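The values are calculated or read from the model by the stated rules, or taken from the named source; none is laboratory data. Keep in mind that this is a model prediction, so the values were computed, not measured. Every residue, glycine as well, gets a Cβ built from its backbone with ideal geometry; the counts of neighbours run over all protein chains shown.
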Amino acid sequence: MSAKKLLSANEAIAWGAAKAGCAVASAYPGTPSTEILENIAKFKDSIKCEWAVNEKVAMETAIGASMCGARSLTAMKHVGLNVAMDPLMTYCYVGALGGMVIISADDPGMHSSQNEQDNRNLAKFARVPLFEPSDSQEAFDMVQQAFEISEKFSVPAIIRLTTRTSHSSGLVDTGDFTPAPRPPIPYEKDISRNIPVPAFARGMRVKAQKRTEAMRSAACESPLNRVEQGDARLGIVTSAVAYQYVKEVFPEYSILKLGWTNPFPVELVKKFASSVKELLVVEELDPFMEEQIRAAGIAVKSHATELNMLELNPDRLRALRAEICGDVPAPQAAKPPEGLPTRPPVLCAGCGHRGVFYVLHKLGATVTGDIGCYTLGAFPPLSAMDSTICMGASIGNAAGMRKAGHPGRICAVLGDSTFFHSGMTGILSAHYNGTPVVTVVLDNRITAMTGHQDNPGTGKTLAGDPAPVTEIADIARACGYKRVHKVSANDLAELERVLKDDMDSGEGAVVIAHAPCRIAAKLAHEGLCAVDPAKCKACGACFKLGCPAMTRGAEIAPGRFQMKIDPAQCAGCTHCAQVCRFGAISKVK
């Protein structure tokens, strides 16, 4: 029975997992993968799903379910897989019992990421099967096939999405099914299988190599890899969303469309190459396929058009066609009209993070930052962040700066969800090593940047069930910190007093600056502030907050403008009233 639905690839993964009988799913939110678990949660009657505190724990949870014979899934963005590689690399030796699928959502073009990496390389490194859907229907189908292949070869399987496939929607034939977990494969205690001490791991390494070659042969025969015959003057090897662009720009030529790309099906490529005059490889990001094709001694057509950096699109392939075929002009990049105002990203009006960064900038602190909305504190006019490396890095970075003798005030800043993800180990390490780091946890009681997901501090699970609330202050005290303060992020005077005292104390400290995310808590208009033009001196102090609700009013001197507040944006936080020395701003009653 056919049942067609309009689904993004992220949604299709959830539907495919439910149809495949997945029993356990665990993940940490991260764009572009977040919606996978949010949609799996709609099948909570058949799939036990949860937000883990980080990707490593999510991977370990999925491994535990697989070890006892149940089908499991974990999902994360590309940098999240870095966090989870330690358990994955070992479980690839141990081998899956119940089918285990890992979704890696890469972000070509860095739409919402701090780097651009091609996780096909990590799949090759781990010796696991890799599948690359080019649309939502393939995502739905491949997750089911990945579970089967995972069990057949006793190995975790990776499905690689990209931002474009994750968030693009298409019609998906989901068929007729009733979501229900597949009965688990019976578990048997076997330390030689599940405990890779060196004596056992050496045999596992040999077994993994033999498995890789068996999977390579299977990939060559798999219907996931197919030839689409066309003009044999040019044959194109491609995969994932690049296939869609090739079909649009090179419709008449022969195509080898690869959906199962690791272990790489070299023999299939050799056969295809022998059927065409020239071979071209079109892939997004690293030359993952091209390098392996060339290493096999297969000639590949070279070109000057850059394809291996940032996100591909049809225009880039049209430029490639203009170069190698010469039958179409190269597209010209469209230029935006002159005079358009820039719209840099800013913290929301009323965001509690703004007050913390305003105070840290005022105090002249060197601020090591982290991954979250608060990264925006780096930009003018706040200009209050010096570094952002990865989740949880702020504390270790601050400790390293202090150890290296960096003078003056140093402060690490991270969000509550990031603290639970990987900040707890940072404050413990700093305390253990006697490094006087001051850590500010921006506690808005939500995982804000990825779309307001719950975490251990919110009191709710992914499924919406009540959960215990973990207090960050209790964790800090349990780690040994004596200086632990909870401050309202909207009380600028108290923030300044606490941060100044802590940074000048020469001791380690943890400051929890609390203010709810105004969007998640639906506090967008908790009162309004207004400016009294008669009192405003146009000193510009309020503009240093960088609030989007503030606009220029009357010019009372060259380059000096009174401030106006846009009532459609004002959230009533009173930050501006607190920095005004003339009492020109007050809350409207």
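Summary of values
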item	result
Residue check for residue 370: surrounded by 13 or more Cβ atoms within 10 Å (Cβ to Cβ), out of contact with any Phe, Trp or Tyr (no Cβ under 8 Å at 6 or more places or on another chain) and in the same structural domain as residue 269 (by TED's automatic domain parsing)	no
Criterion: at negative phi, surrounded by fewer than 18 Cβ atoms within 10 Å (Cβ to Cβ) and not in a loop (DSSP other than H, G, I, E, B) - qualifying residue of 418, 425, 470	425
Residue list for segment 108-152, restricted to those being among the aromatic types (Phe, Trp, Tyr) and surrounded by fewer than 19 Cβ atoms within 10 Å (Cβ to Cβ)	125
Flag for residue 538 being in the same structural domain as residue 583 (by TED's automatic domain parsing), more than 17 Å from residue 355 (Cα to Cα) and surrounded by 15 or more Cβ atoms within 10 Å (Cβ to Cβ)	yes
Restricting segment 249-274 to residues that are among the polar types (S, T, N, Q) and within 17 Å of residue 220 (Cβ to Cβ), the residue that is surrounded by the fewest Cβ atoms within 10 Å (Cβ to Cβ)	274
First in segment 118-144 and in the same structural domain as residue 16 (by TED's automatic domain parsing) and on the phi < 0 side of the Ramachandran plot, second anywhere and part of a helix (DSSP H, G or I) and of a type in the set (D, E, K, R), Cβ under 8 Å, 6 or more apart	130/120; 130/124; 132/120; 133/141; 136/11; 140/19; 144/19
Residue satisfying all of: in segment 363-380; in a helix (DSSP H, G or I) and either of a type in the set (A, V, I, L, M) or farther than 21 Å from residue 400 by Cβ (or both); modelled with the lowest pLDDT among these	373
Hey, residue 426 in contact with a Gly (Cβ under 7 Å, 6 or more places away or on another chain), under 29 Å from residue 113 (Cα atoms) and modelled with pLDDT of 95 or more or not	yes
Output for segment 279-331, where each listed residue is in contact with a Ser or Thr (Cβ under 9 Å, 6 or more places away or on another chain), closer than 16 Å to residue 108 by Cβ and not hydrophobic (A, V, I, L, M, F, W, C)	283, 284, 311, 316
Options 310, 285; residue that is in contact with a Leu (Cβ under 9 Å, 6 or more places away or on another chain), surrounded by fewer than 21 Cβ atoms within 10 Å (Cβ to Cβ), in contact (Cβ under 8 Å) with a residue 60 or more places away in the chain and at positive phi	310
Members of segment 482-508 found to be within 13 Å of residue 427 (Cα to Cα) and either at pLDDT below 95 or in contact with a His (Cβ under 6 Å, 6 or more places away or on another chain) (or both), listed by number	508
Hits in segment 553-577 - residues which are surrounded by fewer than 17 Cβ atoms within 10 Å (Cβ to Cβ) and under 24 Å from residue 519 (Cα atoms)	564, 566, 567, 568
The one condition in (1) surrounded by fewer than 16 Cβ atoms within 10 Å (Cβ to Cβ); (2) touching a Gly at 6+ places or on another chain (Cβ under 6 Å); (3) not basic (Lys, Arg) that residue 480 fails to fulfil	(2)
Strands (runs of 3 or more DSSP E) within segment 520-589 that include 3 or more residues touching a residue at least 60 places away in the same chain (Cβ under 8 Å)	none
So residue 277, is it surrounded by fewer than 19 Cβ atoms within 10 Å (Cβ to Cβ), in contact with a Lys or Arg (Cβ under 6 Å, 6 or more places away or on another chain) and touching a residue at least 40 places away in the same chain (Cβ under 8 Å)	yes
Looking only at segment 225-237, and only at residues there that are touching a Ser or Thr at 6+ places or on another chain (Cβ under 9 Å) and surrounded by 21 or more Cβ atoms within 10 Å (Cβ to Cβ), the one that is nearest to residue 289 (Cα to Cα)	236
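Residue-by-condition table, conditions (1) outside any helix (DSSP H, G or I); (2) without any contact (Cβ under 8 Å) to a residue 60 or more places away in the chain; (3) in contact with a Gly (Cβ under 7 Å, 6 or more places away or on another chain); (4) small (Gly, Ala, Ser):
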site: 175; (1), (2), (3), (4): yes, no, no, yes
site: 185; (1), (2), (3), (4): yes, no, yes, no
site: 189; (1), (2), (3), (4): yes, yes, no, no
site: 211; (1), (2), (3), (4): no, no, no, no
site: 220; (1), (2), (3), (4): no, yes, no, no
